[in-house]
Amino acid sequence: MSSTEQTPRPARLAAAAGVTLVEALGLLAGGIYMLVRVLADGGDVTSGATGGVTVIALGLIPLAAARGLWKMRSWSRGPAVITQILALPVAWQMLQTDGVIPYGIALAALAVTGLVLLVNPATTEALGIRRPGQGA
């Protein structure tokens, strides 16, 4: 195979990139919403802006991971897995709060789906990640 040819992207890897992208877009939208809300409500602008910018910055991590997964870069699996793991306690808290339970269910389903897709052997093989005990 020449250096310009690339292994076809497994469907599970494409799905993992999609899940990670949805989470990234959710974080980015949430951060923007926080910024707009604090400016519209005239509340504590400093803490509101800090929170909004922080959530936007956190959204850039899974956004980069989704792009890396789509381009089949092995480095991208780590941040994508961490995103899924961090989403689980957030989903748990949402499940404990009236009014956002459906969002908690959706986030939990996304996170579990993302984890399953990211540890799938087809995904790890496509990313060039060796399992323990595999030779070099």
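The values are calculated or read from the model by the stated rules, or taken from the named source; none is laboratory data. Owing to the predicted nature of the structure, the values given are computational and were not obtained by experimental measurement. Cβ atoms come from the backbone with ideal geometry, glycine included; neighbour counts cover every protein chain shown. Just so you know, the surface numbers come from the protein's heavy atoms only, side chains and all, with ligands and any DNA or RNA stripped out. Shrake-Rupley method; radii C 1.70, N 1.55, O 1.52, S 1.80 Å.
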For Ser76, the lone unmet condition from (1) open to solvent by 30 Å² or more (accessible area, probe 1.4 Å); (2) touching a residue at least 40 places away in the same chain (Cβ under 8 Å); (3) among the polar types (S, T, N, Q) is (1)
Would a scan of the stretch 14-23 turn up a residue that is open to solvent by less than 80 Å² (accessible area, probe 1.4 Å), polar (S, T, N, Q) and more than 16 Å from Ile82 (Cβ to Cβ)?
-> no
In the stretch 85-121, how many are closer than 20 Å to Ile61 by Cα, touching a residue at least 60 places away in the same chain (Cβ under 8 Å) and either in contact with a Cys (Cβ under 6 Å, 6 or more places away or on another chain) or not aliphatic (A, V, I, L, M) (or both)?
-> 2
Quick check, is Leu21 touching a residue at least 40 places away in the same chain (Cβ under 8 Å), on the phi < 0 side of the Ramachandran plot and under 10 Å from the mean Cα position of the chain (by Cα)?
-> yes
Restricting the stretch 83-128 to residues that are within 19 Å of the chain's Cα centre (by Cα) and in a loop (DSSP other than H, G, I, E, B), the one nearest to Arg67 (Cα to Cα) turns out to be Leu127
Which of the following residues is aliphatic (A, V, I, L, M), open to solvent by less than 70 Å² (accessible area, probe 1.4 Å), modelled with pLDDT under 95 and out of contact with any His (no Cβ under 6 Å at 6 or more places or on another chain): Leu35, Leu88, Leu118, Leu39?
-> Leu35
